[in-house]
Structures are given as C-alpha cells and as structure tokens.
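The values are calculated or read from the model by the stated rules, or taken from the named source; none is laboratory data. Computed from a predicted model, the values in this text were never measured in an experiment. No Cβ is skipped: glycine too gets one built from the backbone with ideal geometry, and neighbour counts run over all protein chains shown. Accessible surface is based on the protein model in full, side chains and every heavy atom, while ligands, DNA and RNA are left aside. Shrake-Rupley method; radii C 1.70, N 1.55, O 1.52, S 1.80 Å.
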Amino acid sequence: MDINPPDFVMSVQPYAPGKPIEELKREYGIADVIKLASNENPLGPSPLAVQAMQEAVAALHRYPDGSGYYLVKKLADILKVAPANIVLGNGSDEIIGMLGRALLRAGDEVIMNDPSFSMYAIMARLSEAVPVSVPLTSLAVDLDRIKAAVTPRTRMIFLTNPHNPTGSALTDDQLESFLRDIPANVLVVVDEAYAEFAGEGCCADSRRFFDNQRLLVTLRTFSKAYGLAGLRVGYGIMPEELAGFLNRVRQPFNVNSLAQAAALAALDDNEFLALTRQMVRQGLDYLTASLEEMGIACFPTQANFLLIDVKTDADQIFEKLLEQGVIVRSMVSYGYPDYLRITAGLPLENERFVEALRKVLS
Ligand SMILES: *Cc1c(COP(=O)(O)O)cnc(C)c1O
C-alpha cells in the first residue's frame, strides 16, 4: 500500500498499552493480580460519581451537553474564575493535544523535562513543532535549566507539578519567580494531575497565579484522586482568549455525558477525597518504611507513587514481579535503568508488593 504519511506522523511511536489484567491472570495462571503501575485510585471511583452515572444512563440516547454547562459552572464557582476560563477535555491529555493544534506552528519549540509525561512530546511532534528536553537535576525540576533553554522560537513550556515519574514538587515561591522571568509570549502549562496528593504547603498551586492576561494554563484531572481514569475527564484553567482558541479545535462533544455527570458529583465527594488522601499517605509511609528496612532507597514524593532504586536491571525485576502477580512500572524506558515506580495501593496490595519484591530480590 502506498500510504506515505507525513514525516511528523512517522516521528511518533504509537503508545504501547500494558496487557489487560485479565490476560495476565490467564497467562501466568494467577487468580489475584494487583496493579500498582498507573497511579490509579485503588479505592475505585467516587461512590457519589457512580450514583450520578447510574442516573445519567437513562439519557444516553441524547448527545452530551457540548458546553459541559453544569460541570464548567461548578468548577468556575469552586475556582473563583469565570466559566469562560475553563476548557473541559476527554482527560487532560486531550487539552494538551488541543493546545498543540491551536497554537503550534512547524518549527516552534516546546520545552519539557526528560523524563516527563510522554504526551507533551507527542503533541509537539504532531504539530511539527520541536520538543526540547531539559534534564532533571537530582530528580527535581530545575527551573534555571528550563529558563536557559528558552529561545526566540520557544512557544510553550510544560511543567509537571508534582512531577511524574519522580514525585518531586516545586513551591509557590519557585513558580512565582519562574513565571516572572519567562517572556510574556511563551505559554507556561502546569500539569497538576497529582496536586490533590501533595502535602500542605509542599507544592505550588499554579491557580494562585491565574490572571486573565497571562499565558498560563493549569491542567487538572479527575483520573487520579477522584478515581475516574476510565471515564476520561480533565480540565484546563486559562485566559478567556486562549480558551476561545481551544474551543475552535475542540470536538463539540468531547466529554461524554456520563463523564460530565460523574465529575460533577465527584466534586461534592469530599469524604472520598479525604479517604483517598489518607490511604495514599499511609500507603506511602508503609512502603517507604518497609523498603528502607530492606535497604532500598525511596525518593521523597508529593504524589501517589514512589520511585525506588532496586540497584539492578529494573526490567528484570518488573518481569519477576509480574510472575508474582504484581504489576509495577519499570523506569528503564524513562532513562532510569535501576528504578521502579510504585503506585500506593490498598494496605493488602502494598503488603503483597513488599513480599513479592523481597522474594524477587533474595
Ligand atoms: C495521569 C496523568 C495525567 C492525567 O491524564 P488524563 O488524560 O487526565 O487521564 C496528566 N498528566 C500527567 C503527568 C499524568 O501522570
């Protein structure tokens, strides 16, 4: 076949999804597989969200509300911004894609950390823009290095805060002085997918620096703390004028009606959010203590996952853990050959992981 796609399509590797849990159970003959690999909420979806979806099912013959009217209004009320400052996405992933489509021209530079969330580079390449990778310093985002990478072609900068995959976080002071130093024509996107897990005062809240005249976007998601990863809903907070451009490239029904109903209800589920935070904090404490007892270094984290140094080929440990029915994330493809990333799970899941790792390393 003579398909001949453009070079920018050829420059992107398709996302390699993990095997479904059901398939692993069959393959390894293990009834009880646990997944601590994708930073999902092990408590399940918010119960209020589940109830709202059950009620919304009856109206599935209708198209979704293309403006996300009620969800946008509620978010605007909570965030004390105007509804016109909020853009909903089919996951915050989709907002990253919309930013690329709406703003980037061929040859524009997009600065991001390496390692960081792979979507940023994919989005840049699909717009024929140039992803510019800035290394971390001691696993933390180094704002001076990012500033030094800015050129006249820089159009966008992505910060992940707390950072994935390291869990490190920038403070309000650091972010504030960074924003002061960045040229006014460069869009700064702060991806706060894990913000709900950060300790009090430990992590900048970029929403504090919102200004309808400043090129700053905060990305938030319902995928992690609210337990709704499978529904795909996230949002961006941004100047009204920028939101207007995103709405030109946004598909009219990008957020489905169940997702809108669930997200709306999840915002009221403070009990679930508190329970989630408590479980994550206790899980991370348990994991850190148990692993350090085994002589394994854990890096400080403000997210719901932990980066650990197994001091040997992480892919191999990953495979052996899989044989024990425990799925984690190897960091080899992120450039950390000896590191694993572990999502905090339920107490029994964390215990199983620690036991499996002990067995694998002995
Ligand atoms: C999980 C995650 C997201 C969330 O993406 P959704 O599309 O909203 O599910 C965004 N950014 C980072 C860095 C993440 O790890």
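Tabulated data
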item	result
Square roots of five times the Cα gyration tensor eigenvalues for the chain, Å	32, 26, 21
Å² of accessible area per residue within the chain, as computed with a 1.4 Å probe and no ligands counted	48
Label-to-label distance, nm, for residues given as residue 126 and residue 312 (7 Å Cα→Cβ offset)	4.0
Whichever lysines have a C-alpha closer than 22 Å to that of residue 73, once near sequence neighbours (fewer than 8 apart) are set aside	224
3J(HN,Hα) from dihedral phi, region 297-307, Karplus parametrisation 6.51/-1.76/1.60, rounded to Hz, x for glycine, proline	6, 10, 8, x, 9, 10, 10, 9, 9, 9, 9
Percent of alpha-carbon pairs separated by more than 17 Å within region 304-362	29
Cleavage-rule hits, GluC sites (Glu not before Pro), region 160-230, DSSP coil, Cβ neighbours within 10 Å at most 10	200
Percent carbon-and-sulfur accessible area, the chain, ignoring ligands, DNA and RNA, probe 1.4 Å	52
Cα→Cβ-extended label distance, 7 Å offset, between residue 77 and residue 251, nm	3.0
DSSP H segments from the chain that extend 20 Å or more along their own axis, Cα-based, with Kyte-Doolittle mean of -1.0 or above	270-293, 347-361
Kirkwood-Stokes translational diffusion coefficient of region 137-182, alpha-carbon pairs, 20 °C, 1.002 mPa s, µm²/s	189
Table column - 3J(HN,Hα) (Hz), region 132-146, Karplus curve with 6.51, -1.76, 1.60, x for Gly and Pro	10, 8, 10, x, 6, 10, 6, 6, 10, 5, 10, 5, 5, 5, 5
Estimated 222 nm signal from helices in the chain, with DSSP H stretches of n ≥ 4 weighted -39500 (n - 2.57), rounded to 500	-11500 deg cm²/dmol
Sites residue 184 and residue 30, calculated FRET efficiency, Cβ-Cβ separation with R0 35 Å, nearest 0.05	0.05
Cα centroid of region 156-194 to Cα centroid of region 236-277, whole Å	21
Relative contact order (%) - criterion: Cα under 8 Å, at least six apart; region: the chain	23
Region 222-256: chymotrypsin sites (Phe, Trp or Tyr not before Pro) falling in loop per DSSP and having at most 15 other Cβ within 10 Å	253
Range in the chain, longest, excluding exposed trypsin sites (Lys or Arg not before Pro) [loop by DSSP; at most 11 other beta-carbon atoms within 10 Å]	106-362
Set of lysines with alpha-carbon distance to residue 320 below 26 Å, sequence-local pairs under 8 removed	19, 25, 35, 311, 359
